[in-house]
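The values are calculated or read from the model by the stated rules, or taken from the named source; none is laboratory data. Please read these numbers as outputs of a predicted model, since none were measured by experiment. Cβ: placed from backbone, ideal geometry, glycine included. Neighbour counts: every protein chain shown.
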Amino acid sequence: MGYAILSDGLYFLQCQQKLPSRQSLSTITKPNRFNSIDLWHQRLGHISKAHLCLLAPTYSLHFQENAKLKFYSACALGKAKRAPTSKGPIPPANQPLQLISTDIFSPFPPSIGGACYYCTFVDSHSRSVTVAFLKRKSKFPKRFKRFKELAESIHGHRIQILRLDPAGENHSNDFCEYLELNGIQLQPTPTNNPEANSLSEQRGGILDTIARCLLRQANLPDKLWAEGVAYSAYVSNQVPTSIHGAMSPEEKLTRATPTINNLRIFGCHAYAWVAKHHRRKLESTSTPCIYLGPERGGHAHCLWNPSTRRIFISKDITFDESKVELPDSTVTITMVHKVIQSKPQTTINRSVINTTPTQHVHAQPNINTRSTPNFTFNAEDTLSDLNALPIIAKVKKTSWLRGRVHHKV
């Protein structure tokens, strides 16, 4: 405090301290505002409080202790970030099929069966994965219904929660009504937040990586990507995971020790046995093919015949794992497909007309179903063109009547 002396109409302030210079007085106007952290926050381009406290000693700025920044809409609009996601493994569910995570993966080139997408069904309890191939995304509800019926009948548990991305084909009124009637809780993940469905996203990335390596290893065409993904799913179910210790997803789910003795090198040469009624006397007893993985159950194998461009299932196979590439040439079995019958009372001319390479009939086992090599899903409708029976000419018995030869084909 000070006092002033009146002299000639003016007050002369009496101070014990020395007044600052005029220049200093002009720079310290409104000292509270000058040292306000909010003021310098706006002047310095809305930098964070940590940076303001860091530069304060350098520029002799003295902020109040425990000063807090006000809320600025400019910061909310210009510096918005995603919320941090939890790190570490996702804890498993208490029982099988309690929580199923699913996702549809981006379009691929059309496979042999015409599929362009595939979806995964990952069991949170065992981490086992089942794949299903789709021609269109709109077929997803149908695939899930088949997976649900088969999985629940095999494992004796009911699906309780279904976690999936909020895509339009996944939230149709009919599908939501089906889930409600079957007591399944729909758990959609936030939009543009794949981390919320990390279990299915990570497994899909693993399947893509393995399938890509398999196709490049054997130099196979990209149209066999579906078979590569199916083989990847089968292998990943047999490999132990860190969350289960030394147990594999297959063992955790079925409580049975899995086996890998039925596996061969993907894309290796395989020679499938040809039945006698599908070949002539001096023709080869096997046909060269490409190995595409074990069939469900592990007793048979899926093979691809490059010459006929068909996939079939066979059990009697000789493998050559030293060769992992497309064979240079394939053995084509030419069948008697037409018999020319002469007129009555004349010499019979029975000749064999060989077909072009694209019309050759290849002896191969009958194709009853085409299912992906996994433990809970049969995709017979996914690859519909693989369900057709092989084109095999069947020659019936020849009957001799009055010197004529009647051939029924």
When residues of the range 104-132 are filtered for being within 9 Å of the chain's Cα centre (by Cα) and of a type in the set (D, E, K, R), how many remain?
0
Looking at PHE140, PHE133 in this structure, which one is in a helix (DSSP H, G or I), surrounded by 15 or more Cβ atoms within 10 Å (Cβ to Cβ) and either touching a residue at least 60 places away in the same chain (Cβ under 8 Å) or not hydroxyl-bearing (Ser, Thr, Tyr) (or both)?
PHE140
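Residues are listed down the side, and each one gets a yes or a no for (1) touching a Gly at 6+ places or on another chain (Cβ under 7 Å); (2) under 30 Å from ARG309 (Cβ atoms):
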| residue | (1), (2) |
| --- | --- |
| ILE47 | no, no |
| PRO57 | no, no |
| PHE71 | no, no |
| ALA76 | no, no |
| ALA93 | no, no |
| PHE105 | yes, yes |
| PHE108 | no, yes |
| ALA115 | no, yes |
| VAL131 | no, yes |
Can you confirm whether the range 147-167 contains a residue that is of a type in the set (Lys, Arg), loosely packed, with under 15 Cβ neighbours inside 10 Å and at pLDDT below 95?
no
Might you check whether a residue that is under 21 Å from the mean Cα position of the chain (by Cα), assigned by TED's automatic domain parsing to the domain that holds PHE133 and touching a residue at least 12 places away in the same chain (Cβ under 8 Å) occurs anywhere in the range 285-292?
no
Given (1) touching a Pro at 6+ places or on another chain (Cβ under 6 Å); (2) in contact (Cβ under 8 Å) with a residue 12 or more places away in the chain; (3) acidic (Asp, Glu), number of the condition GLU227 does not satisfy:
(1)
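Residues are listed down the side, and each one gets a yes or a no for (1) among the β-branched types (Val, Ile, Thr); (2) modelled with pLDDT of 90 or more; (3) exposed (fewer than 15 other Cβ atoms within 10 Å of the Cβ):
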residue	(1), (2), (3)
GLU295	no, no, no
GLY298	no, no, no
ASN305	no, yes, no
ARG310	no, yes, no
ILE317	yes, yes, no
ASP320	no, yes, no
VAL324	yes, no, no
ASP328	no, no, yes
THR334	yes, no, no
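Quick one: count up the residues across the range 149-187 that are of a type in the set (Lys, Arg) and under 21 Å from ASP103 (Cβ atoms). Lay out the reasoning, then the answer.
Residues of the range 149-187 that are of a type in the set (Lys, Arg), as a first pass: 158, 163.
Filter once more, keeping what is under 21 Å from ASP103 (Cβ atoms): 163.
Matching residues across the range 149-187 total 1.
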Among the residues of the range 53-70, what is the count of those that are closer than 20 Å to ALA80 by Cβ and surrounded by 12 or more Cβ atoms within 10 Å (Cβ to Cβ)?
1
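Residue-wise test of (1) of a type outside the set (Asp, Glu); (2) closer than 22 Å to ASN305 by Cα; (3) out of contact with any helix residue (DSSP H, G or I) (no Cβ under 7 Å at 6 or more places or on another chain).
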{"residue": "GLU195", "(1), (2), (3)": "no, no, yes"}
{"residue": "LEU199", "(1), (2), (3)": "yes, no, yes"}
{"residue": "ASP208", "(1), (2), (3)": "no, no, yes"}
{"residue": "GLU227", "(1), (2), (3)": "no, yes, yes"}
{"residue": "ALA230", "(1), (2), (3)": "yes, yes, yes"}
{"residue": "ALA233", "(1), (2), (3)": "yes, no, no"}
Any idea which of (1) within 30 Å of GLN95 (Cα to Cα); (2) hydrophobic (A, V, I, L, M, F, W, C); (3) modelled with pLDDT under 90 is the one LEU263 doesn't satisfy?
(3)
